[in-house]
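The values are calculated or read from the model by the stated rules, or taken from the named source; none is laboratory data. It should be emphasised that the depicted structure is a prediction, and the values quoted were computed from it without experimental measurement. Reconstructed Cβ throughout: ideal geometry from the backbone, glycine too, with neighbour counts over all protein chains shown. Surface areas here come from the heavy atoms of the whole protein model, side chains and all, with no ligands, DNA or RNA. Shrake-Rupley method; radii C 1.70, N 1.55, O 1.52, S 1.80 Å.
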Amino acid sequence: MKIISPSNLTVDFGSKTLKPHESIPMLRREVLDSFLRFRAQSSGAHLIPALVTHLEVPSSSTEPYIIHHTSNNTKRTLAVDVIIGADGANSRVAKSIKAGNYTCAIAFQERIRLPEEKMEYYQNLAEMYVGNDVSPDFYAWVFPKCDHVAVGTGTVCAKPDIKAYQRGIRERVSHKINGGKVIKVEAHPIPEHPRPTRVRGRVALVGDAAGYVTKCSGEGIYFAAKSGRMCGEAIVKASEGGEKMVSEEDLKREYLREWDSKFMKTFRFLDLLQRVFYGSNAAREALVELCGDEYVQRMTFDSYLYKKLANGDRWEDVKMVLNTIGSLVRCKIVEREMEALKV
Amino acid sequence: MSISMSFFSPPPPTHLLISFSSKPHFTDKTIFFLRPANPLLLSAPKVSTDNGAGISAAIEEPKAEQKVAEPAGSAPEGEESSLGSNGAVADAGVKLESKFVDPRWIGGTWDLTQFQKDGSTDWDAVIDAEVRRRKWLEGNPESSSNDDPVVFDTSIIPWWAWIKRFHLPEAERLNGRAAMIGFFMAYVVDSLTGVGLVDQMNNFFCKTLLFIAVAGVLLIRKNEDIETLKKLLDETTFYDKQWQATWQDETRSSSTAE
């Protein structure tokens, strides 16, 4: 992957530090989603293609939840004991249990089919762009998707200007995507932090519905899958294979507490990184400078690929922190001088 | 023109650590730097003979126009083409490509041989040139190119150049303030309580006051800094609060929680 700073300093992230069996995966959701559904079905899950319209919350703990859904133009109901809400950022389940709101970023992406020789460049390469012209608080990307590229950007604080930022990223990669044709335009909200309530009664939220998206990198796919699995396993354990009724305390104890103890540190750390490095062009320049360092890359991959904050060599950690401070200070100074020029 | 000191977090450690923060960095990066620099040096003589007249002029210029408002001079073609491209930005398809052009910017980095002054590199001029380049890019974002990658980063400039130009004047100012406040307060306390300087230092209360005074001088240099520090504290704990929100319900009844 290449990371490109506002002043076009390009840092190669991973071509030398990734081990042969490691890689930064690129994903096509349409393929993954249908694979997951198929796998669930072949393990015994009962698939009902329908649109959930609303959820009736019972008044006592012995009555079931009623799911009102529409399939084949007929309204139906389904009575269930436990619900796992995995319906994404605009979750209807979350609304029904009044789980509260969260701030969202908007991610906007255009899928562009490139001519052969331009696609050649992106066969094994993803690019990440930072700068005020492409996003004020996030990054812009060019991700290859097998036979086309996805060029996009995102922002939290400046959603009305998302089109301008998309223009910005297209200008930054202009001669790499010259001659390409836009085949699809997509946008989606991305939660920035967990909802105030993630478990209520016998309903649990997982994935984007709960708000499990890391800051800084905006990664949510792994956490969605993992939280779904953890929640499912929690329910199986608490209900002893479906024999006992599950309660809110069970869900909180087996699922939420496990999840928080496992991943909260990762989320907190990435929030810190976002606050320190995504605030201004100077900080982004420092980030790109730091990413050139091999130790930084190694630590990033160890944490990102294995989903655990990696433990590194203490001496190298100290050097990395000092380098971080040095880079931030230098880039801040350059930024201050730049402002002096304007004034 | 006064340099406004608006160091973001963490200011105090920076001042303490900066002297050895870039030292390991310097040793790491010099080795790194020497290798790519060599091909530049080999090709540079060829370039310098071409721009022989241009070089001395270019060196005079940045020194003379250190704090001039517009970035004139070194990138005239850049300016004109930027005006052109600004007009064309609204066009969906065809755009004018504006590139940062400067006689000293070669191969994606600053050619240090063109910054020579009295036989050694004039790092202040390099810093100024880089500032001007980034300022220009901010207004005219340039498309990144694979054939012409930028390889200059701020760690190429040695740590002592940064300290000499930016840290030392500030340190002088802060130490001066601390000394003045210290002398005055020592005098006032002595005249009010009769406790001399040595006895003041032995007293725990006085030591605490001294600590607060030093911390205050380091952290708060403008009135805005107080607000900045308060906001910083809030921000640091905000994300945590959002995560813990789901556990707050346990202290309230779930029917009233919203």
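Directionally averaged projected area (the stretch B:105-246, Cα convex hull): 16.8 nm².
Using only C-alpha atoms and all pairs of different ones, pull out the Kirkwood radius for the stretch A:278-342 in Å with one decimal.
Here the Kirkwood hydrodynamic radius works out to 12.9 Å.
Within straight-line reach of A:LYS163, meaning a Cα separation under 13 Å, sit the following aspartates and glutamates at least 8 residues removed in sequence or on another chain: A:GLU110, A:ASP133, A:GLU171, A:GLU186. Computed extension gain for A:LEU272 through A:ASN72, at 0.36 nm per residue and net of the alpha carbon distance, reaches 67.3 nm. What is the helix-to-structure angle for A:314-342, meaning the angle in degrees between its Cα long axis and the longest Cα principal axis of chain A, kept from 0 to 90 and rounded to the nearest 10? It is inclined by approximately 70 degrees. Between A:SER239, A:SER280, A:SER71, find the one with the highest GNM mean-square fluctuation for chain A; connect C-alpha pairs within less than 10 Å. The residue with the greatest mean-square fluctuation here is A:SER71. Inter-label distance, B:ILE212 to A:GLU233: 5.3 nm, where each label sits 7 Å from its Cα along the C-beta direction. Sorted from greatest to least, the principal axis extents spanned by the alpha carbons of the stretch A:1-138 come out as 61, 36, 32 Å. The Rg/Rh ratio for chain A is 1.01, where Rg is the radius of gyration of the alpha carbons and Rh is the Kirkwood radius.
In this structure B:GLU172 has an accessible area near 140 Å², from a 1.4 Å probe over the protein heavy atoms. Residues B:TRP110, B:TRP123, A:TRP315, B:TRP159 ordered from highest to lowest accessible area at a 1.4 Å probe: A:TRP315, B:TRP159, B:TRP123, B:TRP110. Counting only residues at least eight positions apart within a chain, or on another chain, the aspartates and glutamates with an alpha carbon under 15 Å from that of A:LYS19 are A:GLU294, A:ASP302. Accessible area per residue (1.4 Å probe, heavy atoms of protein chains only) ranks A:HIS68, A:HIS54 as A:HIS54, A:HIS68, with the largest value leading. Potential lengthening of the chain between A:LYS265 and A:GLU117 amounts to 49.0 nm, from the contour at 0.36 nm per residue minus the alpha-carbon distance.
Label positions at A:ASN101 and A:GLU294, each projected 7 Å from the Cα along the C-beta direction, are separated by 5.0 nm. The orientation-averaged projection of the convex hull spanning the C-alpha atoms of the stretch A:184-343 amounts to 13.6 square nanometres. The simple Förster model, with R0 at 30 Å and r as the Cβ-Cβ distance, assigns A:GLU219 and A:ASP313 a FRET efficiency of 0.75. Between B:ARG173 and B:ALA161, what length comes free when the chain is fully extended (0.36 nm per residue of separation minus the Cα-Cα distance, one decimal in nm)? Taking B:ARG173 through B:ALA161 to full extension adds about 2.5 nm, to one decimal. Only protein heavy atoms count here; under a 1.4 Å probe, A:MET299 has an accessible surface of about 30 Å². Kindly express, to the nearest 10 degrees and within the range 0 to 90, the angle between helix A:221-238's C-alpha long axis and the longest C-alpha principal axis of chain A. Once rounded, the angle reads 30 degrees.
Legend: distances between Cα atoms for A:LYS342/B:LYS135; A:LYS319/B:LYS164; A:LYS215/B:LYS135; A:LYS2/A:LYS307; pairs beyond 18 Å are A:LYS319/B:LYS164; A:LYS215/B:LYS135; A:LYS2/A:LYS307.
Beyond 31 Å in Cα-Cα separation lie the following of the pairs A:LYS95/A:LYS145; A:LYS118/A:LYS226; A:LYS145/A:LYS308; A:LYS265/A:LYS332; A:LYS95/A:LYS244; A:LYS265/B:LYS230: A:LYS95/A:LYS145; A:LYS118/A:LYS226. Here is the interface size for A with B: some 5700 Å² of accessible area buried, both sides summed, with a 1.4 Å probe.
On the beta carbon distance between B:GLN116 and B:PHE238, with R0 = 56 Å, the FRET formula returns roughly 0.65. Across the protein chains, with a 1.4 Å probe defining accessible surface, the residues B:GLU227, B:GLU142 rank B:GLU227, B:GLU142 from largest area downward.
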